[in-house]
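Colleague: Input: one structure, supplied below.
The values are calculated or read from the model by the stated rules, or taken from the named source; none is laboratory data. Please read these numbers as outputs of a predicted model, since none were measured by experiment. For neighbour counting, all protein chains shown are included, and Cβ atoms are generated from backbone atoms with ideal geometry for every residue, glycine included.
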Amino acid sequence: MKMEDLLPRLRKPGRYLGTEYNAVRKDWDQAQVRIVLGFPDLYEIGMSHLGIQILYHLVNRHHGFLAERVFTPDLDLEGLLKEHGLALCSLESRRPIRDFDLFGISLPYELCHTNVLTMLDLAVIPFLASERSEDQPLVIAGGAGVFNPEPVADFFDAIVLGDGEEAIIEILEIVAQAKGSGKTRKEVLSLLAGIEGCYVPSHFLVRYQEDGRIAAISSRIPGVTRVRRRILADLDKSPPPQPPPGPDKKKGPPPGGG
């Protein structure tokens, strides 16, 4: 059973085709680092988010990097994936999420936090960062919904605080170097912690009061006391995205329909 076999059984199969005009399809084997950009909500909502469109084109602009997309499936597809033992896959190449080097998730608002767990479950990736193995992708979050990262910190290997246009390329460059030198997951996270705005939750100890409020945060890494928010000071360094993936006016209705 393949994903294509499930499409006729879905209410809106166009959400999962990945055949939009302006979608980027790069050679998997030629890419040095592969990231799948996830949005924890339905396709129609995620594709209206400018942030994921910017990151999608920024990454794919680099010769050695590949970026694909994935969204939280609707309940009909979620049920079918579980019924047939199929893992959540990307739109462009239909590759399982666990085959990528990184799983980057944009969190624009708190209401989509629980959908992160849905996506991890369907991707067959452990919920907790501490339980992931060396051969599983690094799960990284960003967006306005994680300016206070602690409610979801345990689920992510790293969290970008602030603007991600420059940080995402720096992250991919470090992962590319680490793959070439055989570094461990822990060593890669230590390198990512050196990126401005990149918070690695496992490097900090958070203590809570009885009412659930944070009592204190202490670093497990000598010399590291806080993570500064990343700010893109010069917007000219991040040009507007290319025309986003969407329906070709000559070829029919938007992918969300039908």
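Colleague: For the subset of the stretch 117-154 comprising residues that are part of a helix (DSSP H, G or I) and in contact with a helix residue (DSSP H, G or I) (Cβ under 6 Å, 6 or more places away or on another chain), which member is farthest from residue 75 (Cα to Cα)?
Modeller: So the residue we want is 153.
Colleague: Now, a different point. Restricting attention to the stretch 208-238, and to residues there that are of a type in the set (Asp, Glu) and within 30 Å of residue 61 (Cβ to Cβ), which single residue is surrounded by the most Cβ atoms within 10 Å (Cβ to Cβ)?
Modeller: Top of the filtered list is 234.
Colleague: Also, I was wondering about something else. Listed residues 59, 70; which is in a strand (DSSP E or B) and either β-branched (Val, Ile, Thr) or over 18 Å from residue 12 (Cβ atoms) (or both)?
Modeller: Selected residue: 70, the only one of 59, 70 that is in a strand (DSSP E or B) and either β-branched (Val, Ile, Thr) or over 18 Å from residue 12 (Cβ atoms) (or both).
Colleague: What are the pairs with Cβ atoms under 7 angstrom where one residue, in the stretch 58-75, is touching a residue at least 12 places away in the same chain (Cβ under 8 Å) and the other, located anywhere, is assigned to a loop (DSSP other than H, G, I, E, B) and hydroxyl-bearing (Ser, Thr, Tyr)? Sequence gap at least six, or different chains.
Modeller: 68/90; 68/93; 69/90; 70/90
Colleague: Against the definition (surrounded by fewer than 16 Cβ atoms within 10 Å (Cβ to Cβ) and not basic (Lys, Arg)), how does residue 117 come out, yes or no?
Modeller: yes
Colleague: Evaluate the stretch 33-45: report whether one residue or more is more than 15 Å from residue 105 (Cβ to Cβ) and in contact with a Leu (Cβ under 7 Å, 6 or more places away or on another chain).
Modeller: yes
Colleague: Quick one: which of 37, 91 is in contact (Cβ under 8 Å) with a residue 60 or more places away in the chain and in a strand (DSSP E or B)?
Modeller: Matching residue, one of 37, 91: 37.
Colleague: Something else: Please enumerate the residues belonging to the stretch 170-225 that are touching a His at 6+ places or on another chain (Cβ under 7 Å) and of a type in the set (A, V, I, L, M, F, W, C).
Modeller: Hits for the stretch 170-225 are 193, 221, 224.
Colleague: Suppose we keep only residues that are at pLDDT below 90 and in a strand (DSSP E or B) within the stretch 207-229. Which one would you say is nearest to residue 132 (Cα to Cα)?
Modeller: Only one residue tops the list, namely 219.
Colleague: Still on this structure, please answer the following. Of everything in the stretch 72-95, what is within 21 Å of residue 172 (Cα to Cα) and either buried (at least 20 other Cβ atoms within 10 Å of the Cβ) or among the aliphatic types (A, V, I, L, M) (or both)? Give them in sequence order.
Modeller: 89, 90, 91, 92
Colleague: Identify the single condition in (1) farther than 26 Å from residue 212 by Cα; (2) assigned to a helix (DSSP H, G or I); (3) touching a Leu at 6+ places or on another chain (Cβ under 6 Å) that residue 104 does not satisfy, given that it satisfies every other one.
Modeller: (2)
Colleague: If we keep just the residues of the stretch 98-116 that are touching a Pro at 6+ places or on another chain (Cβ under 9 Å) and of a type in the set (A, V, I, L, M), which is nearest to residue 173 (Cα to Cα)?
Modeller: In this case the residue turns out to be 102.
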